[in-house]
Amino acid sequence: MDPKSLRAFHRIAALGSFRLAAEELNYAQSTVTMQIQRLEEDLGVVLFERAGGLRLTEEGRLLRERSLPIL
């Protein structure tokens, strides 16, 4: 698990937007998207529900909760 991907995940979860997180982290939006896709592939779960807005899945909520102390 890459720390940059984890940081991006937390910013997306907090801001509710890939675009806003990318701007805050000073990354291209495509970079943030790729980081999350890689994180989802590594973990074998979907972290965000993207239909009808952006929300954390149950797995996403668990990751946020358990990884917060790491950051």
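The values are calculated or read from the model by the stated rules, or taken from the named source; none is laboratory data. All values derive from a computational prediction rather than experimental measurement. All Cβ positions, glycine included, derive from the backbone under ideal geometry; neighbour counts span all protein chains shown. Calculation scope for accessible area: heavy atoms of the full protein, side chains included, ligands and nucleic acids excluded. Shrake-Rupley method; radii C 1.70, N 1.55, O 1.52, S 1.80 Å.
Does segment 25-33 include one or more residues that are open to solvent by 100 Å² or more (accessible area, probe 1.4 Å) and under 12 Å from the mean Cα position of the chain (by Cα)?
No: zero hits.
Let me spell it out: the conditions are (1) open to solvent by less than 30 Å² (accessible area, probe 1.4 Å); (2) touching a His at 6+ places or on another chain (Cβ under 7 Å), and THR57 meets all of them except one. Which number is the exception?
Of (1) open to solvent by less than 30 Å² (accessible area, probe 1.4 Å); (2) touching a His at 6+ places or on another chain (Cβ under 7 Å), only one is false for THR57: (2).
I need the full set of residues from segment 43-53 which are open to solvent by less than 70 Å² (accessible area, probe 1.4 Å) and at pLDDT below 95, in order please.
GLY53
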